Amino acid sequence: MKVELGFAKGTQTAKVPEECIISILKPNEVTHELTGEAEVRRSVEHPIASKRLREIAKPGEKIAIITSDVTRPMPSKIVLPVVLDELKAAGVSMDDVTVVFALGSHRKQTEEEMRYLAGDAVYDEVKCIDSDPKDFVHMGDTSRGTPVDIFTPVAQADRRICLGNIEFHYFAGYSGGTKAIMPGVSTRAAIQSNHSRMVEESSHAGKLAGNPVREDIDEVQEFVPIDFIVNVVLDEKKQIIKCVSGHWKDAHKAGCDFLDTLYKVVIPERADIVIVSPGGYPKDINLYQAQKALDNAKHAVKDGGIIILVASCKEGLGEGVFERWMTTAESPDFMVEEIERNFELGGHKAAAIGMVMQKSDVYLVSDLPDDFVKGIFFKPYQELQSAVNHAFSHKGLDAKVIIMPYGGSTLPFAE
């Protein structure tokens with residue numbers, strides 16, 4: 001059988017014996033009636049486990065609306081006008097509303113970027129600012145010892161409304177919900193304390209209950225109550241196909257359940273060989289981006305199996321701290337051990353790759369030089385067919401194979 005996977009702006013192909021293929025994982029077909037702004041309005045008018053926002057907010061209250069920065073696909077310009085309409089219906093003055101872009105550990109944004117995210121009408125009507133990790137209020141510590149250090153305008157607001165998009169997150173389980181607060185408007189020290197738990201076995205994509213990273217994030221809500229959330233699920237074209245609004249936990253869980261029906265794909269068993277692509281450009285532009293597909297693939301492969309990551313990485317590794325960790329580490333084990341000793345954002349993605357390599361061999365079909373690829377602990381290939389041939393030579397001609405053409409957005413789940 002000919003297999004074709006996205007690679008840069010083209011494809012890589014290989015022949016794989018059809019009788020060896022267990023499954024080719026693609027997003028599930030789901031039905032949805034409304035999309036875009038219409039779906040957001042439906043959701044806000046029918047909140048989950050909550051009163052309507054117009055019944056919660058009161059005139060004279062200071063309102064903080066926390067939403068994503070430019071590094072996330074959250075369509076704030078579609079959601080914000082709907083939220084502001086609810087606040088206006090409650091009698092809230094727009095002078096009392098501040099839109100806060102949750103930077104987490106990311107760089108400051110330009111005014112042009114903020115205007116693009118909010119949309120011209122919203123940007124001109126209400127105050128829009130970036131969060132600042134140096135301007136915070138210490139509100140206590142979680143039971144796991146994470147400092148609750150929150151951006152001052154959010155900490156001091158009378159009401160907090162959190163916006164976000166829900167997708168799988170490789171150690172927090174899912175994005176969205178309380179992640180707008182932690183790490184969104186938290187300090188670097190707080191983020192590092194929380195994220196250091198990524199090495200624990202229960203910290204993985206698709207898991208909420210019993211996930212130490214997510215439970216630590218959610219506990220922050222006890223110190224900084226969230227009054228209302230509006231979270232969206234996007235399809236592959238970045239179109240809103242589902243919106244959930246209301247209670248910070250119940251509405252978020254409903255959104256995660258919907259995401260599961262779309263992107264969580266049941267597999268009958270784990271495979272000896274998993275062939276995975278992020279889907280081509282821009283998702284495979286560098287290894288920092290392609291890592292997400294590799295992390296999803298680990299849920300489909302047997303211990304001791306082989307993952308073939310098909311990712312151009314034409315622009316290299318993609319992030320400074322990540323590059324330093326990948327190029328100076330002594331071994332994959334060292335990266336995992338070092339992240340426990342000295343957690344560093346950027347290094348956490350290197351450690352995640354190290355955790356995959358502790359259980360599987362990882363081949364990389366890319367545009368990177370072979371010696372460089374070997375130096376970062378992958379087995380290098382220029383052509384997918386060559387990687388497939390070598391994988392079968394190691395695992396036997398009857399090896400079982402799973403193929404993941406959209407590795408960044410499909411999460412394998414072995415029952």
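Work out the length of the dipole vector of the chain about its Cα centre, built from +1 on the beta-carbon of each Lys and Arg and -1 on the beta-carbon of each Asp and Glu, and round it to the nearest 20 debye.
360
With an 8 Å cut-off on Cα pairs and a minimum separation of 6 or more residues, tell me the relative contact order of the chain in percent.
21
What is the magnitude of the charge dipole of region 57-226 about its Cα centre, with +1 placed on the Cβ of each Lys and Arg, -1 on the Cβ of each Asp and Glu, and no other charges, expressed in debye to the nearest 20?
About 220 debye.
For region 57-226, divide the Cα radius of gyration by the Kirkwood radius and give the resulting Rg/Rh value with two decimals.
Values: Rg = 15.6 Å, Rh = 16.2 Å.
Here the Rg-to-Rh quotient is 0.97.
Considering only protein heavy atoms, what per residue accessible area in square angstrom results for region 336-379 with a 1.4 angstrom probe?
39
Tell me, what is the percent relative contact order of region 57-226, built from C-alpha pairs under 8 Å that lie six or more residues apart?
Across region 57-226, relative contact order equals 24 percent.
Express in % the proportion of alpha carbon pairs of region 1-158 at distances exceeding 21 Å.
62
My understanding is that a pair violates if its Cα-Cα distance is over 25 Å; which of K51/K134; K179/K379; K127/K207; K238/K379; K108/K249; K264/K298 do that in this structure? Mind dumping the intermediate values first?
Details: K51/K134 34 Å; K179/K379 35 Å; K127/K207 36 Å; K238/K379 33 Å; K108/K249 29 Å; K264/K298 14 Å.
From K51/K134; K179/K379; K127/K207; K238/K379; K108/K249; K264/K298, over 25 Å: K51/K134; K179/K379; K127/K207; K238/K379; K108/K249.
Over the chain, with every protein chain in place, what whole percent of the accessible area is carbon and sulfur at 1.4 Å, could you tell me?
Of the solvent-accessible surface of the chain, carbon and sulfur hold 47 percent.
Taking 25 Å as R0, compute the FRET efficiency from the Cβ-Cβ separation of D250 and K62 and round it to 0.05.
Efficiency for this residue pair is about 0.50.
Averaging sequence separations of C-alpha pairs under 8 Å and six or more residues apart, then dividing by the length of region 270-415, give the relative contact order as a whole percent.
Relative contact order comes out at 37 percent.
How many angstrom separate the Cα center of region 241-318 from the Cα center of region 327-380?
The two parts, judged by their Cα centres, are 18 Å apart.
Using a Gaussian network for the chain with springs between C-alpha atoms less than 10 Å apart, which of these wobbles most: L397, L364, L208?
Top of the fluctuation ranking is L397.
Quick one: length gained pulling S202 to E4 fully straight, 0.36 nm per residue minus the C-alpha distance? Intermediate results must be reported in sequence, preceding the final value.
Details: separation 198, 0.36 × 198 = 71.28 nm, distance 3.33 nm.
Length gained, S202 through E4: 67.9 nm.
With every protein chain kept in place and ligands, DNA and RNA left out, what is the accessible area per residue of region 57-226? Probe 1.4 Å, answer in Å².
37
Could you give the distance between the Cα centres of region 51-84 and region 168-215, to the whole Å?
Cα centres, region 51-84 to region 168-215: 22 Å.
What fraction, in whole percent, of alpha-carbon pairs in the chain exceed 27 Å separation? The partial results should precede the final answer.
Numbers: 44493 of 85905 pairs.
In whole percent, the share of Cα-Cα pairs in the chain beyond 27 Å is 52.
With each label point set 7 Å from Cα along the Cα-Cβ vector, what nm distance links D398 and H138?
It is 6.3 nm.
Given only helices, namely DSSP H runs of n ≥ 4 each adding -39500 (n - 2.57), what is the per-residue ellipticity at 222 nm of the chain, to the nearest 500 deg cm²/dmol?
-9000 deg cm²/dmol
Choose one answer from S93, S277, S175: the residue with the largest mean-square fluctuation in a GNM of the chain with alpha-carbon springs under 10 Å.
Most flexible of the set in this elastic network: S93.
If I build a Gaussian network model for the chain, linking alpha-carbon pairs within less than 10 angstrom, which residue out of H138, H169, H32 has the largest mean-square fluctuation?
Comparing H138, H169, H32 in a Gaussian network model of the chain, the most mobile one is H32.
The values are calculated or read from the model by the stated rules, or taken from the named source; none is laboratory data. Fair warning: this is a prediction, and the values are worked out from it, not measured in the lab. Please note: Cβ atoms are built from the backbone with ideal geometry, for glycine as well, and neighbour counts cover all protein chains shown. Note: areas computed on protein heavy atoms with side chains; ligands, DNA, RNA excluded. Shrake-Rupley method; radii C 1.70, N 1.55, O 1.52, S 1.80 Å.
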